[in-house]
Amino acid sequence: MGNRHFNVRTLPGFGFVALLTFFLLYLPICMLVIYAFNSGDSIVQWEGFSLRWFETALNNEAVQEAAGRSVLIAVIAATGATICATMAALATTRVRPYPGLAFKYAVINQPLMVPEIVTAVALLIVFSKIKVWTGYSGLTYLVLAHTAFCIPFAYLPIRARLETMDSGLEAAAADLYATPWKAFRLITLPLLRPGIIAGFMLAFVISLDDVVITEFVKSGGQETLPTYMLGQLRRSITPEINAIATVFLAFSVLIVTAFFFTSRKKSE
């Protein structure tokens with residue numbers, strides 16, 4: 001009996017539970033995508049196939065403006081979060097364990113442990129004071145808020161990559177008189193690149209679809225695509241929202257697919 005390996009797939013009912021889980025998980029998404037192609041105004045009654053709502057969303061100036069703003073904020077925030085996360089990962093993995101290191105982990109990952117609404121309220125209080133003092137109410141607040149919130153999401157894959165890397169390569173470079181910067185640029189950074197890309201992509205997606213923090217921090221006229229969709233749902237629900245959500249979904253799948261093939265090519 002000691003040589004037998006446990007396999008969860010052999011448990012009675014495993015296949016049924018797995019299929020039921022996937023069905024319940026993806027059925028709402030499938031319904032959303034299907035009704036994005038509905039020719040009528042209803043999101044519950046099928047009236048025929050049409051690309052009408054995609055065209056409506058594409059020609060909607062409010063959607064265009066909100067989408068452009070969302071992408072701009074997500075790119076800047078993901079870039080800043082990835083840079084900060086990379087430095088934090090290097091500082092917490094390329095050192096010997098010392099008292100307080102676990103506390104630093106907790107501080108970096110704080111946005112993951114604290115409810116998002118708490119972070120949003122805290123940022124609202126801080127930025128409201130700054131807005132009063134400076135009189136400035138631009139997009140910088142949204143970028144800073146998204147960057148701070150996305151740092152732990154970028155940190156986790158970068159740290160995981162660093163922990164699996166052989167630190168002996170960096171030590172060998174140092175033995176060959178490479179400066180710390182040169183060793184990082186020629187040894188650490190190329191090996192760390194897949195983790196950095198994964199961290200950037202995760203931070204980008206998190207920023208792109210964030211609603212709670214954006215809703216609390218944004219000023220008037222700074223709608224992002226998720227907050228625009230939320231506002232439309234409060235007024236009237238049409239398949240245009242389905243069409244926007246379907247494009248969001250397709251974009252996310254495209255990013256994940258591109259990263260999968262890029263990572264596989266690098267590993268080969």
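The values are calculated or read from the model by the stated rules, or taken from the named source; none is laboratory data. Only a predicted model underlies this, so the values are computations on that prediction, with no experimental measurement involved. Backbone-built Cβ (ideal geometry, glycine too); neighbour counts: all protein chains shown.
List of remarks:
- Restricting region 131-156 to residues that are among the hydroxyl-bearing types (Ser, Thr, Tyr) and assigned to a helix (DSSP H, G or I) leaves a set whose member that is farthest from THR82 (Cα to Cα) is THR134.
- Qualifying residue in region 94-114 (condition: more than 15 Å from the chain's Cα centre (by Cα) and in contact (Cβ under 8 Å) with a residue 60 or more places away in the chain): yes
- All of ALA145, ALA154 fail the test of being out of contact with any strand residue (DSSP E or B) (no Cβ under 8 Å at 6 or more places or on another chain), more than 19 Å from LEU90 (Cα to Cα), buried (at least 22 other Cβ atoms within 10 Å of the Cβ) and in contact (Cβ under 8 Å) with a residue 40 or more places away in the chain, apart from ALA145.
- Residues (touching a strand residue (DSSP E or B) at 6+ places or on another chain (Cβ under 8 Å) and not in a loop (DSSP other than H, G, I, E, B)) located in region 50-67: TRP53
- Region 109-142 - residue that is over 24 Å from PRO157 (Cβ atoms) and polar (S, T, N, Q) and, of those, surrounded by the most Cβ atoms within 10 Å (Cβ to Cβ): SER137
- Unmet requirement for ILE244, which otherwise passes all of (1) in a helix (DSSP H, G or I); (2) modelled with pLDDT under 85: (2)
- The residues of region 1-16 that are at pLDDT 75 or above and surrounded by 10 or more Cβ atoms within 10 Å (Cβ to Cβ), listed by number, are PHE14, GLY15.
- Of the listed requirements (1) polar (S, T, N, Q); (2) out of contact with any Gly (no Cβ under 9 Å at 6 or more places or on another chain); (3) over 20 Å from PRO226 (Cβ atoms), THR82 misses just one: (2).
- Contact map, region 218-231: first residue farther than 10 Å from LEU142 by Cβ and among the charged types (D, E, K, R), second residue crowded, with 17+ Cβ neighbours inside 10 Å and at pLDDT 85 or above, Cβ cut-off under 6 Å, separation 6 or more or different chains; pairs are GLU223/ALA66.
- GLU55 being among the acidic types (Asp, Glu), surrounded by 14 or more Cβ atoms within 10 Å (Cβ to Cβ) and within 30 Å of the chain's Cα centre (by Cα): no
- Within region 61-108, the set of residues being of a type in the set (S, T, N, Q) and either surrounded by fewer than 16 Cβ atoms within 10 Å (Cβ to Cβ) or under 13 Å from ILE151 (Cβ atoms) (or both) comprises GLN64, THR79, THR82, THR86, THR92.
- Criterion applied to GLU215, GLU223 was being touching a Ser or Thr at 6+ places or on another chain (Cβ under 8 Å), acidic (Asp, Glu) and over 20 Å from ILE83 (Cα atoms), and the one residue passing it is GLU215.
- When SER70, SER128 are checked against the criterion of being hydroxyl-bearing (Ser, Thr, Tyr), within 30 Å of PHE37 (Cβ to Cβ) and either assigned to a helix (DSSP H, G or I) or at pLDDT below 90 (or both), SER70 stands alone in meeting it.
- SER42 vs. criteria more than 30 Å from ILE197 (Cα to Cα) and touching a strand residue (DSSP E or B) at 6+ places or on another chain (Cβ under 8 Å): no
- Those residues of region 157-176 which are in a loop (DSSP other than H, G, I, E, B) and hydrophobic (A, V, I, L, M, F, W, C), in sequence order: MET165, LEU176
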